[in-house]
Amino acid sequence: MAARVAVWLMYDLRLRDHPALWAACAQAPQQVDFVFVWGPPVVDWGRYSYKPALPEERPRLSPPRKRFLLEALLDLARRVRLTILQGEPHEVLPAWAAQQGVSAVYAHREWAPEEEAYQQAVAHALQAHGISFHRLEGNSLYTSDQLPFPIEALPLLYTRFRQLIERAVEVKPPLGVPAPLPSAPDPRTAAWLEAQLAQLPPLPQESFPFVGGEEAGQAWLEEYLSGPVLTYHQTRNAFRGRTFSSHLSPWLALGCLSPRSVYAALRQTEKRHGSNDSTYAFFLELLWREYFRWLVARWGGRTFAPSGIRGYRLPWRHDPQLYFAWIAGRTGYPLVDAAMRELAATGWTSNRARQLVASFLTKNLFLDWRWGAAYFESQLIDYDVYSNWGNWLYQAGVGTDGRGFRWFDPVRQAKLYDPQGEFIRLWVPELRTLSAPRVFMPE
């Protein structure tokens, strides 16, 4: 029996389906502490961070992204004993663990270079204090030993990955919450989080009502899968509305919901209502997320290189004026500008919009794709290192897109997916007097 153990949280802010927590509880501890480091790699840049050379100095967390994170932590702090440490993880976490008499620390393995470097540094520092460190896989649909190929042989095309996975691998059922869980909340942590939240502006009324935390995520998952998912295939390319998209990505990004829990809930929906092209399309989006995770695990630092994983040495431009026009939503292309203004205001924009603005940055402006990926990192409440950088590699033509250097026509996209111009007029008020098709046209 261990007297006291700790679970180091990063992108796993939940109690359900938490293998690291189960491993900690297997030691029958008298107390389980949860610890989150308010610093790199989640909140700030640090010693092991990859920090792109942007034309401006930006905080790692935009206000919407910071709000969602604080809400997710507050949800946990009200249910278990959560400690917030500030600083570099390899400095503050081992020192705290030694001071508190913690005998072992548990965490979920991350594969991205920065996260991996911090976990290795923490492991080394804990060892110096005689504290054991245990990493388990727990933030993906499949564990590495389930893959039907070694990570080094990951297919370069998603379609081949999907075929191999669907043919050979089953998703394991999610875990529940361990009981008993000896982890009484510390009201001081909740008070600190509430004070931080009080300093942030609320989300604008045009935003989807995102609230961080496992409980809010679980409630929305149940509501979405109760019916709207059954038309996902028909609605997913829209730009606005409450249920055209699942909107689950922020909860998945911070691990408030695990991919396995979402998958299990989807299968329950199919048992009740039957499977269709929409439930399958929804599953394929989970699989895309999975693919990008293993892509970063496979290629490491090349994921962040200007030439990407394909090694294409393209003459990317570095023009701050064009970059600032893009992030401000003042390119003169109405649909691009609407999407960028929505992103700046709410920390979110649809998948179709993300593809469009990434295409515009890399194909129309020919700016360094890493500028776009880094801006998304700071802005998106659903930022996920794997999906973000994997998608930008794909859109820039230096990643896994088998069709090469494809381009999205902003005017055609507006006609197809915003035919009345409602989304454009919502976010670009200077165009509200214009009707379709004039509202689609660049100035």
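The values are calculated or read from the model by the stated rules, or taken from the named source; none is laboratory data. Remember, it's a predicted structure, so these values are computed and weren't measured experimentally. With ideal geometry, Cβ positions are generated from the backbone for all residues, glycine too; neighbour counts draw on all protein chains shown.
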Single residue of segment 50-65 satisfying the filter (touching a residue at least 24 places away in the same chain (Cβ under 8 Å) and aliphatic (A, V, I, L, M)) that is surrounded by the most Cβ atoms within 10 Å (Cβ to Cβ): Leu61
Qualifying residue in segment 92-99 (condition: touching a strand residue (DSSP E or B) at 6+ places or on another chain (Cβ under 7 Å) and polar (S, T, N, Q)): no
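With the condition kept exactly as written, say whether any residue in segment 396-410 is among the hydrophobic types (A, V, I, L, M, F, W, C), farther than 25 Å from Phe292 by Cβ and surrounded by fewer than 18 Cβ atoms within 10 Å (Cβ to Cβ). Talk me through it step by step, then tell me what you get.
At the first step, the residues of segment 396-410 found to be among the hydrophobic types (A, V, I, L, M, F, W, C) are 396, 398, 405, 407-408.
Checking the rest, the ones that are also farther than 25 Å from Phe292 by Cβ come to none.
Checked segment 396-410: no residue is among the hydrophobic types (A, V, I, L, M, F, W, C), farther than 25 Å from Phe292 by Cβ and surrounded by fewer than 18 Cβ atoms within 10 Å (Cβ to Cβ).
Looking at Arg298, Arg293, Arg310, can you tell me which residue is surrounded by fewer than 21 Cβ atoms within 10 Å (Cβ to Cβ), touching a residue at least 40 places away in the same chain (Cβ under 8 Å), under 21 Å from the mean Cα position of the chain (by Cα) and under 23 Å from Asp384 (Cβ atoms)? Before you say what the answer is, go through the steps one by one.
Working: Arg293 fails: surrounded by fewer than 21 Cβ atoms within 10 Å (Cβ to Cβ); Arg310 fails: under 21 Å from the mean Cα position of the chain (by Cα).
Testing whether each residue is surrounded by fewer than 21 Cβ atoms within 10 Å (Cβ to Cβ), touching a residue at least 40 places away in the same chain (Cβ under 8 Å), under 21 Å from the mean Cα position of the chain (by Cα) and under 23 Å from Asp384 (Cβ atoms) leaves just Arg298.
Somewhere in segment 229-240, is a residue part of a loop (DSSP other than H, G, I, E, B) and within 24 Å of Tyr142 (Cβ to Cβ)? I'd like the intermediate steps shown before the answer.
Filtering segment 229-240 down to residues part of a loop (DSSP other than H, G, I, E, B) leaves 236-240.
In the following step, the residues that additionally are within 24 Å of Tyr142 (Cβ to Cβ) were identified as 236.
Yes: one or more hits.
Going by the conditions given, is Val92 surrounded by fewer than 23 Cβ atoms within 10 Å (Cβ to Cβ) and either β-branched (Val, Ile, Thr) or touching an Asp or Glu at 6+ places or on another chain (Cβ under 6 Å) (or both)?
On the way: surrounded by fewer than 23 Cβ atoms within 10 Å (Cβ to Cβ): yes; either β-branched (Val, Ile, Thr) or touching an Asp or Glu at 6+ places or on another chain (Cβ under 6 Å) (or both): yes.
When the stated conditions are applied, Val92 passes them.
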Helices (runs of 4 or more DSSP H) fully within segment 319-368 counting 2 or more residues that are under 21 Å from Arg412 (Cβ atoms): 334-346, 351-359
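To keep it simple, each residue is scored yes or no on (1) closer than 23 Å to Pro113 by Cβ; (2) outside any loop (DSSP other than H, G, I, E, B); (3) at pLDDT 95 or above.
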site	(1), (2), (3)
Pro41	yes, no, yes
Arg47	yes, no, yes
Tyr50	yes, no, no
Glu56	no, no, no
Leu74	no, yes, yes
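So is Leu361 in contact (Cβ under 8 Å) with a residue 24 or more places away in the chain, buried (at least 24 other Cβ atoms within 10 Å of the Cβ) and within 14 Å of Tyr394 (Cβ to Cβ) or not?
On the way: in contact (Cβ under 8 Å) with a residue 24 or more places away in the chain: yes; buried (at least 24 other Cβ atoms within 10 Å of the Cβ): yes; within 14 Å of Tyr394 (Cβ to Cβ): yes.
When the stated conditions are applied, Leu361 passes them.
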One residue from Val336, Val296 being under 25 Å from Pro442 (Cα atoms) and modelled with pLDDT of 95 or more: Val336
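Looking at this structure, is Gln196 in a helix (DSSP H, G or I) and surrounded by fewer than 16 Cβ atoms within 10 Å (Cβ to Cβ)? Let's see the steps before the verdict.
Details: in a helix (DSSP H, G or I): yes; surrounded by fewer than 16 Cβ atoms within 10 Å (Cβ to Cβ): no.
No; evaluated as a whole, the condition is false for this residue.
Quick one: how many residues across segment 372-382 are in a loop (DSSP other than H, G, I, E, B) and surrounded by fewer than 23 Cβ atoms within 10 Å (Cβ to Cβ)? If you could, list the steps in order and put the result at the bottom.
Quick first cut of segment 372-382, residues in a loop (DSSP other than H, G, I, E, B) only: 380-382.
Then drop every residue that is not surrounded by fewer than 23 Cβ atoms within 10 Å (Cβ to Cβ), which leaves 382.
The total comes to 1.
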Single unsatisfied condition, Phe408 versus (1) hydrophobic (A, V, I, L, M, F, W, C); (2) at pLDDT 95 or above; (3) touching a Leu at 6+ places or on another chain (Cβ under 6 Å): (2)
